[in-house]
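**Q** Submitted below is the structure of interest, expressed as structure tokens.
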Amino acid sequence: MFVSDALKINDRRHLEIGGCDCTDLVKEYGTPIYVMDEGLIRKNCRLYKNSMDRYYKGNGLVLFASKAFCTMAMCRIAQQEGLGLDVVSGGELYTALKAGFPMDKVYFHGNNKTAEEIELAIDSNIRRIVVDNKWELQLVNDIASKKGKKAKISFRIKPGIDAHTHDFVQTGQIDSKFGVALENGEALDIVREAISLENVKVEGVHCHIGSQIFDLAPFELAATVMLNFIAEVKEKLGLEIEELNLGGGFGIKYVPEHDPIEYDKYIESVSKVVAGVCIEKKIKQPFVVMEPGRSIVASSGITLYTVGAVKDIKNVRKYVSVDGGMADNPRYALYQSQYDAVLANRPDALKNEMVTIAGKCCESGDLLIKDIMMPEIKPGDILAVLATGAYNYSMSSNYNRIPRPPVVMVRDGKARLIVRREDFHDIIRNDIIPEDL
Ligand SMILES: *Cc1c(COP(=O)(O)O)cnc(C)c1O
């Protein structure tokens, strides 16, 4: 009945997540509030891990792409479930460090890592720095050299496949800020250069072809293209690359029309392609890494808001405004992302009118959902926006000086705070009025 398995309607006919009644959560923590179902997050982690173990016979690793939901508690869960972590900034790396995450399972991505970030990564002995470009290769080598270390690196490759939801193109991806291209020889060139350097060790290659993808074909194609590159490197440079990282990007159900493939099916199919191409190209089967973010946490999360003003502009549109908006979920404003919603206090009420859910920020584009069928909504109702577990908290801002909502994790009827609510003190924490102003 809902887009996410995390939800049900309980005996009080309220929305329930992780055994907790949403109206009780609101009484205890206020609104807006992010709620995450711990059980479902763990279930998703296990699904990925078990599939990888099965289809690659233990010769693989699942990383949680932390940018989807980077908090210390989430790092702890990923660790407990045997996942590695992908980070893309010093701040994400620091979060993992402070959570006590094992650094030999951390990969560092990004197209413009700073010297400080690279230094932190090398000092922390992380498993892999995924080098994006030649300038960065030199920087990593220089920093490692000063420390008398050898950095273990892989390369971000543009496989020439660009996939988003229901379409993908096989050319043109050369126009991307990420990585080095195959078709113009950049990729082979950077590997050649790396082999000649003293303080880096080439361990792998990496690609990430897009996000919220529903098809198998682009993933299979990417694996093929990358393995062909590994074969080319072996033939032309005499180096057998031992690790293939296929990135993330698996789609999830935001609205009922979305129909994602089962992750187990995806992993099974790609593993067959990997095995086949390795035999055909006479290369050793590499260690395979994948990096799901969204598909591990998105459907585990909801955001609860209190409805305020309801504005019915006759024959135009009915706006329902909530006490949050683009500051806690900028995804509609950024790329017209779709979401589903229900009333947490009357989830089974008949949906009989079309409304637009708006935030409280000072932007006309501050919408959460445009044109959704809902029951008649009154001020004071509790609105739950569904599948907000990925790229909501992690993309939140203090726009309009709005404090960030807390994150509450629920499991077996128990709720625990994992990120506290910001207050006005947090808002002005870094402000300074210079004495001579
Ligand atoms: C964003 C990203 C991911 C995760 O993507 P999802 O769509 O959340 O699965 C994985 N790897 C890299 C390099 C990324 O940039």
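**Q** Restricting the search to the range 409-435, which residues are in a loop (DSSP other than H, G, I, E, B) and closer than 18 Å to residue 21 by Cα?
**A** 412, 413, listed by residue number.
**Q** Hey, does the range 221-235 have a residue that's free of Cβ contacts under 8 Å to residues at least 12 places away in the same chain and either under 19 Å from residue 159 (Cβ atoms) or open to solvent by less than 40 Å² (accessible area, probe 1.4 Å) (or both)?
**A** yes
**Q** Across the range 34-69, what is the total count of residues that are farther than 22 Å from residue 267 by Cα, crowded, with 24+ Cβ neighbours inside 10 Å and of a type outside the set (Phe, Trp, Tyr)?
**A** 3
**Q** Of all residues in the range 343-376 being assigned to a strand (DSSP E or B) and acidic (Asp, Glu), which is most open to solvent (accessible area, probe 1.4 Å)?
**A** Filtering first and then ranking leaves 371.
**Q** Something else about it: Restricting to the range 29-45, give me the number of residues that are over 16 Å from residue 391 (Cβ atoms), of a type in the set (Ser, Thr, Tyr) and in a strand (DSSP E or B).
**A** Within the range 29-45, residues that are over 16 Å from residue 391 (Cβ atoms), of a type in the set (Ser, Thr, Tyr) and in a strand (DSSP E or B) number 0.
**Q** Hey, among 28, 116, which residue is in the same structural domain as residue 132 (by TED's automatic domain parsing) and open to solvent by 60 Å² or more (accessible area, probe 1.4 Å)?
**A** 116
**Q** Working only within the range 343-386, note down all residues that are more than 27 Å from residue 300 (Cβ to Cβ) and free of Cβ contacts under 8 Å to residues at least 24 places away in the same chain.
**A** 364
**Q** If residue 18 satisfies all but one of (1) over 30 Å from residue 105 (Cα atoms); (2) assigned by TED's automatic domain parsing to the domain that holds residue 389, what's the number of the condition it fails?
**A** Unmet for residue 18, out of (1) over 30 Å from residue 105 (Cα atoms); (2) assigned by TED's automatic domain parsing to the domain that holds residue 389: (1).
**Q** Identify all residues within the range 173-188 that are under 26 Å from the mean Cα position of the chain (by Cα), away from the ligand (no atom under 14 Å from the Cβ) and open to solvent by 50 Å² or more (accessible area, probe 1.4 Å); write none if there are none.
**A** 174, 175
**Q** Read through the list (1) within 16 Å of the ligand (Cβ to nearest atom); (2) open to solvent by less than 10 Å² (accessible area, probe 1.4 Å), then give the number of the only condition that residue 17 fails.
**A** Failed condition: (1).
Yes/no per residue for (1) over 18 Å from the mean Cα position of the chain (by Cα); (2) open to solvent by 10 Å² or more (accessible area, probe 1.4 Å):
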position: 275; (1), (2): yes, yes
position: 282; (1), (2): yes, yes
position: 295; (1), (2): no, no
position: 305; (1), (2): yes, no
position: 308; (1), (2): yes, yes
position: 340; (1), (2): yes, yes
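**Q** Out of the range 413-427, which residues are free of Cβ contacts under 8 Å to residues at least 24 places away in the same chain and open to solvent by 100 Å² or more (accessible area, probe 1.4 Å)?
**A** 416, 420, 424, 425
**Q** Are any residues in the range 301-318 out of contact with any Phe, Trp or Tyr (no Cβ under 9 Å at 6 or more places or on another chain) and free of Cβ contacts under 8 Å to residues at least 12 places away in the same chain, and if so, which ones?
**A** 314, 315, 316 - these are the residues of the range 301-318 that are out of contact with any Phe, Trp or Tyr (no Cβ under 9 Å at 6 or more places or on another chain) and free of Cβ contacts under 8 Å to residues at least 12 places away in the same chain.
**Q** If you go through the range 70-80, how many residues are among the polar types (S, T, N, Q) and open to solvent by less than 50 Å² (accessible area, probe 1.4 Å)?
**A** Total meeting the criteria: 1.
**Q** Give me the residue from the range 189-228 that is part of a loop (DSSP other than H, G, I, E, B) and among the aliphatic types (A, V, I, L, M) and, out of that set, farthest from the ligand (Cβ to nearest atom).
**A** The extreme case among them is 197.
**Q** Kindly establish whether residue 327 is touching a residue at least 24 places away in the same chain (Cβ under 8 Å), more than 16 Å from the ligand (Cβ to nearest atom) and over 28 Å from residue 85 (Cβ atoms).
**A** no
**Q** Next question. Provide a single number: the residues in the range 113-141 that are in contact with a Lys or Arg (Cβ under 9 Å, 6 or more places away or on another chain) and part of a helix (DSSP H, G or I).
**A** 7
**Q** Search the range 248-269 for residues that are assigned to a loop (DSSP other than H, G, I, E, B) and pair each with any residue that is basic (Lys, Arg) and within 12 Å of the ligand (Cβ to nearest atom) when their beta-carbon atoms are under 7 Å apart and the residues are at least 6 apart or on different chains.
**A** Short answer, once both residue conditions are applied: 252/294.
**Q** What are the residues in the range 81-99 that are out of contact with any His (no Cβ under 6 Å at 6 or more places or on another chain), within 14 Å of residue 64 (Cβ to Cβ), open to solvent by 10 Å² or more (accessible area, probe 1.4 Å) and part of a loop (DSSP other than H, G, I, E, B), if any?
**A** If the condition is that a residue be out of contact with any His (no Cβ under 6 Å at 6 or more places or on another chain), within 14 Å of residue 64 (Cβ to Cβ), open to solvent by 10 Å² or more (accessible area, probe 1.4 Å) and part of a loop (DSSP other than H, G, I, E, B), then 81, 82 are the ones that fit.
The values are calculated or read from the model by the stated rules, or taken from the named source; none is laboratory data. Just so it is clear, the structure is predicted and the values come from calculations on it, not from any experiment. Here Cβ is always computed from backbone atoms with ideal geometry, including for glycine, and neighbour counts include all displayed protein chains. Heavy atoms of the whole protein, side chains included, go into the accessibility calculation; ligands, DNA and RNA do not. Shrake-Rupley method; radii C 1.70, N 1.55, O 1.52, S 1.80 Å.
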